[in-house]
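Notes to accompany the following structure.
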Amino acid sequence: MKLALALMGLLVCCVADADTESAAKNLSDCVTQYADSQIKTTKSAGTISDEAFDKCSAELSEYHDSIGPDKAQWSGLSAQQQEAISKIRDQTTSKVRESLSSQIVSFITESRKNS
């Protein structure tokens, strides 16, 4: 539960609109549920984190696409604007994934120590 709250806090602080907030919640819920389900396995925390993002690839993609303009606005942008926004989306999603992964690893490690 603490992991879910921490992940949501991280994602929500990085977002501004309702679609992005919803996508962030979906991503956080997905990776948290997967991590929770794998704590008692013998898999490494890093492996569990990687698997969580593999399992939640649709949610990660949804989060990526929710950053910036929506599809209707996208078509009105120039190629240069689209390229710049794509770069921002990629960088932001990468940073969020790195941070979430780090938090998942810490959560799993601590949970295993305490059990």
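The values are calculated or read from the model by the stated rules, or taken from the named source; none is laboratory data. Predicted, not measured: the structure shown is a model, and the values here were computed from it. Quick reminder, even Gly has a Cβ in these numbers, built from the backbone with ideal geometry, and neighbours come from all protein chains shown. Quick note on the areas: whole protein, heavy atoms, side chains included, nothing else; ligands and nucleic acids left out. Shrake-Rupley method; radii C 1.70, N 1.55, O 1.52, S 1.80 Å.
Quick look at the values:
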| item | result |
| --- | --- |
| Residue satisfying condition, being of a type outside the set (Val, Ile, Thr) and at pLDDT 95 or above, within set Leu77, Leu11, Leu100, Leu60 | Leu60 |
| Verdict on Thr32 being over 12 Å from the mean Cα position of the chain (by Cα) and part of a helix (DSSP H, G or I) | no |
| Matching helices (runs of 4 or more DSSP H) fully within the range 48-115 where at least 2 residues are within 18 Å of Thr32 (Cβ to Cβ) | 57-66, 79-113 |
| Unmet criterion (only one of (1) open to solvent by 60 Å² or more (accessible area, probe 1.4 Å); (2) without any contact (Cβ under 8 Å) to a residue 40 or more places away in the chain; (3) more than 14 Å from Arg97 (Cβ to Cβ)) for Gly68 | (1) |
| Cβ-Cβ under 9 Å pairs, at least 6 apart or on other chains, the range 82-108 side touching a residue at least 12 places away in the same chain (Cβ under 8 Å), far side outside any helix (DSSP H, G or I) and surrounded by 18 or more Cβ atoms within 10 Å (Cβ to Cβ) | Ile85/Ile67; Ile85/Gly68; Ile88/Ile67; Ile88/Gly68; Arg89/Ile67; Arg89/Gly68; Thr92/Ile67; Thr93/Ile67 |
